[in-house]
Structures are given as structure tokens and as C-alpha cells.
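Reviewing the structure listed below.
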Amino acid sequence: MGPAVLIAGPTASGKSALALALARRHGGVVINADSMQVYRELRILSARPDPDEEAEVPHALYGHVAASERYSVARWREDAKGALEAAWRDDALPIVIGGTGLYFKALTEGLSAIPPIPADLRAAIEARADAEGVPALHAALLRLDPDSASRLAPLDRTRVTRALEVVEATGRSIGEWQRETGAPPLVDAASARRIVLEPDRAVLYERIGRRLDTMVERGGIAEAEALIAHGLNPALPAMKAIGIREFGAHLAGELSLDEAIERAKMETRRYAKRQGTWFRNQMADWERLAPGAALPEISWRSA
């Protein structure tokens, strides 16, 4: 393991700008840890760095996955492993940034030893969710794995289907698997510089509003339309990006443009709130930094 800077924070908190400034100063590589910015069809709606920024300093794991794929935290970990090793080999500072807490957890704590789930079982459970509804799957999970079911919201499709597929495939609860040692951490949490950007809520919400307006100006609705036109399964992660459902409803004549934009802003605010809760609960020992503060001092080559 080598040196690394990890920057987490809610959406629109200024992570990309901070990472870019640090990469310029220290010869860094910016590595994506956002679960939506991996999809190539979602440059605008995921707020990926623009082409000029990507050309200014090296960027990795942005837009390298097709929206038709079900990208997972395990796959991200393997991709991040390659990006980190390449940076260290080139004597470049890895700067890992994003808002996906599970990615940072895999980075600093490793992954459990859950075996691969058969594709036919996964497809069957997704079909059941479509046909019966997620609460019915939650009820099935309650019978097979009551501990996990008690911790999950009945409408949390992603986590309910994941817990159900694990217990049906292995006969063991997802909690049991998670308590076992699997893939190890990729960075030393004690020596890595770990930062959470923590903006004032009013400031963050104002930035979210401005960014959604900018997304629309830059072609976000056309991007949503193009992705919807692929006819992908709505349960795929990329199809859950904020803006797809809202702008899709506008394109279908169900919402006015102003209504669609306001709903997207509202969903983004809710998402930012959930992110903030995760960071407070799961990253309590990380350094806090206010957006716009002076660049943190990094002395990584002497580490």
C-alpha cells in the first residue's frame, strides 16, 4: 500500500474542484468513487468532470462502464485496485473522491467473502420484484433472514433483493458473510489522508439548485432521453440516476419542465441528506473540511 488522499462528501459539495486543485499541486491522479459517474452515458446528470478537467490531470474510473451493466462495489474495488497500483507505480498521488460510502468502506475496510450469485437466480428475484413488488420480497426475506429484514426498509429494492439473493443462493444470511474476512483493504486507513467535505446545509442546497439548472442548460434532458431510448431494465443502477425518472416524466408529458426540475432538485437534496447521515455514522473519525477552505497540506512523498 502507498499514500493516498480520500475525499468524501455529499453531492455538489465541491469534491471535484478540491481534487483537481490537489492533483495540480502534487502531481495526482483523480480516482472516481461515485457509483453514477462510472457510467459513460451519464456525463451531465452524474456531474462528471468535464473533458477539459479530465485532460488537465489524469482521471480514472470515470465513464468506463456501460449503463446496461450492473456495476457493483466488488467490481469497483477491483478497478480501484488497478488504478491505485498504477498511480503508485508512476509515483503519482492517488486522490480518491466521491459520494458513495460503500466504495470508501471497501477501500479502507475490505469486502466480505460473499460468493458470486448465479445470474439466473438474480434474474428470477428481479422478476419477482417487478411482478410482486418489493414488500413481498421483504416478507420472504423476513422468513429466511429476519435479522437482515428487520434492518431494511420494505421498499429498499436494492438492499432487499441483495439480501434475499444471498440467503437463497448460500443458505446463510448476508450478515453472516459480512462478518467473515474477504477481500482486504486497499489503503491503510491510519496513514491515508481522509477528508469529508461538510458544507452548511443551506449553502449545499443552494449549490444543488444551481447545478441542476446548469445540467438542464448543458443538455441533461437530452441525455436522459438518450438513455431512456435504450429501453434498459429500470432496475439497473444507471436508470436510478436522479434526473432519469423526473425528466422522463417530462418527456412523456406527465410533468412540466419546471415541475421535473423541481422534483430532481428535491430528490438531490434528499440524497445529499442520506449521504450526510452515512458520513456522520460511518466516517466519524475522518477529518472535516468546509468547502472553500484553504487547501490541506499534503506531504506525501516524505511519508
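Values in this text are rule-based calculations from the coordinates and carry no lab data. Note that the structure is a prediction, hence the values are computed from the model and not measured. Neighbour counts are summed over all protein chains in view; Cβ atoms, including those assigned to glycine, are modelled from backbone coordinates with ideal geometry.
Per-structure values
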| quantity | calculated |
| --- | --- |
| Lys240 versus Ala226: modelled label distance in nm, points set 7 Å from Cα along the beta carbon direction | 2.4 |
| Partner lysines for Lys105 [C-alpha distance under 26 Å; skip if fewer than 8 residues away on the same chain] | Lys15, Lys81, Lys240, Lys273 |
| Whole-Hz ³J(HN,Hα) from phi, Karplus 6.51 cos²θ - 1.76 cosθ + 1.60, for region 225-236, glycine and proline x | 4, 5, 5, 4, 5, 6, x, 6, 4, x, 7, 5 |
| Fluctuation leader among Arg43, Arg70, Arg194 - the chain, Gaussian network, Cα springs under 10 angstrom | Arg70 |
| Contact order relative to length of region 119-163, as percent, for alpha carbon pairs under 8 angstrom and 6 or more apart | 37 |
| Region 101-154-region 77-100 distance, computed between alpha-carbon centres (Å) | 28 |
| Average Cα contact separation per residue, the chain, under 8 Å, 6 or more apart, as relative contact order % | 27 |
| Label-point separation in nm, Arg274 to Asp91, each point 7 Å along Cα→Cβ | 4.4 |
| Spatial separation of Cα centroids for region 228-303 and region 156-203, in angstrom | 18 |
| ³J(HN,Hα) computed for each position of region 46-54 - Karplus, 6.51 cos²θ - 1.76 cosθ + 1.60, integer Hz, glycine/proline x | 9, 6, 5, x, 6, x, 5, 5, 5 |
| Amide H contacts of Ala60 (H built 1.01 Å from N, under 5 Å, at least 5 apart or other chain) | Val30, Ile31, Asn32 |
| Paramagnetic reach from Arg172 in region 106-140 [backbone N under 16 Å; point 7 Å along Cα→Cβ] | 111-118 |
| Residues Met215, Met266, sorted so that the one with the fewest Cβ neighbours within 10 Å comes first | Met266, Met215 |
| Projected label distance in nm at Arg159 and Ala284, using a 7 Å step from Cα toward the beta-carbon | 1.8 |
| Residue-averaged 222 nm ellipticity for the chain, from DSSP H runs of 4+ at -39500 (n - 2.57), nearest 500 | -15500 deg cm²/dmol |
| Most fluctuating residue given options Leu289, Leu141, Leu121, as computed from a GNM of the chain linking Cα atoms under 10 Å | Leu121 |
| Estimated vicinal HN-Hα couplings, Hz - region 105-113 in sequence order (Karplus 6.51, -1.76, 1.60; Gly, Pro = x) | 5, 5, 5, 9, 10, x, 10, 6, 8 |
| Correct option for P(r) over Cα pairs in 20 Å bins from 0, in percent [calculated from the coordinates] among (i) 26, 42, 29, 3, 0; (ii) 31, 59, 10; (iii) 35, 53, 12, 0 | (ii) |
| Choice from Ala66, Ala74, Ala119 showing the highest fluctuation, given a GNM over the chain with Cα pairs closer than 10 Å | Ala119 |
| Against the rule of thumb 2.2 N^0.38 Å, how large the Cα Rg of region 119-178 comes out | 0.98 |
| Pairwise FRET efficiency - Asn233 versus Asp213, Cβ, R0 = 30 Å, nearest 0.05 | 0.50 |
